[in-house]
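The values are calculated or read from the model by the stated rules, or taken from the named source; none is laboratory data. From a predicted model like this one, the values you see are computed outputs, not experimental measurements. Here the Cβ is made from the backbone with ideal geometry for all residues, glycine too, and neighbour counts use every protein chain on show. Protein only, heavy atoms only, side chains kept; ligands, DNA and RNA dropped before computing areas. Shrake-Rupley method; radii C 1.70, N 1.55, O 1.52, S 1.80 Å.
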Amino acid sequence: MLNNFTISLDNIKNGRLHTLITNAFSHVDAWHLMSNMLGLYFFGSSIASKFGPEFLLKLYLAGAIGGSVFYLGHQSYKSLTSKGYGAIKASKDLALGASGAVNAVMLLDIFLNPRATIYLDFFIPVPAALLGIFLIGKDMLRIIEGDSTISGSAHLGGMAVAAIAWSRVRKGRF
């Protein structure tokens, strides 16, 4: 599991490039899986109805890769700027989960429908654009504060994929 379904600098250094995608299909626990799949269901349904299931799959996989690349970039930075054990730890730190992929789907839907109302925790109505700004800010804060339990960099990688997809959709090239 650690070698084939988690992303880390060590896995990439050891030639396990498949973990760029496979980490998006493993989760820490049932709650982690459920929260990602709920987001994928609600936001993915909207994307699939507009562009089809093949587009949704491509977006999901691109988001997984984007999240992995941003995570690896952040870990590389931490490894290069840390001393002693911190550098070794950054190389061995693992990540897993569909959050980068789901963030790509979620943010593309928000970019396409910024005035939509999204119900946060199923009860609190929030404009989609405001939720998008909050999610981006929250993940940037995670990186700045050094939160190691949730990878803000992987989330931002998925969001970057959403921004690229949005620009391509706006230009009619998707």
Check: Give me the pairs: first residue in the range 79-103 and free of Cβ contacts under 8 Å to residues at least 24 places away in the same chain, second residue open to solvent by 50 Å² or more (accessible area, probe 1.4 Å) and not β-branched (Val, Ile, Thr), beta-carbon distance under 9 Å, and six or more apart or on different chains, which are they?
Finding: Ser82/Lys89; Gly86/Lys78; Ala87/Lys78; Ala87/Leu80; Lys89/Lys78
Next item on the list: Take Gly67 and decide whether it is buried (at least 20 other Cβ atoms within 10 Å of the Cβ) and under 24 Å from Thr149 (Cβ atoms).
Entry: yes
Next item on the list: Just one of (1) modelled with pLDDT of 95 or more; (2) open to solvent by 50 Å² or more (accessible area, probe 1.4 Å); (3) in contact with a helix residue (DSSP H, G or I) (Cβ under 8 Å, 6 or more places away or on another chain) trips up Leu56, so point out which.
Entry: (2)
Check: Restricting to the range 137-174, what's the tally of residues that are surrounded by fewer than 18 Cβ atoms within 10 Å (Cβ to Cβ) and among the hydrophobic types (A, V, I, L, M, F, W, C)?
Finding: 10
Next item on the list: Kindly indicate whether Ala30 is more than 17 Å from Leu135 (Cα to Cα) and of a type outside the set (Lys, Arg).
Entry: yes
Margin query: Condition first: under 29 Å from Asp29 (Cβ atoms) and touching a strand residue (DSSP E or B) at 6+ places or on another chain (Cβ under 9 Å). Now tell me which residues in the range 110-123 satisfy that.
Written below: Ile110, Ile118, Tyr119, Leu120
Note to self: Take the residues in the range 12-32 that are part of a helix (DSSP H, G or I), in contact (Cβ under 8 Å) with a residue 12 or more places away in the chain and closer than 21 Å to Val105 by Cα; name whichever of them is most open to solvent (accessible area, probe 1.4 Å).
What the structure shows: Phe25
Notebook entry, point to check: Hey, does the range 83-97 have a residue that's among the hydroxyl-bearing types (Ser, Thr, Tyr), over 24 Å from Arg168 (Cα atoms) and assigned to a helix (DSSP H, G or I)?
Noted result: yes
Margin query: Of everything in the range 99-134, what is in a helix (DSSP H, G or I) and either surrounded by fewer than 18 Cβ atoms within 10 Å (Cβ to Cβ) or basic (Lys, Arg) (or both)? Give them in sequence order.
Written below: Ala129, Leu130, Ile133, Phe134
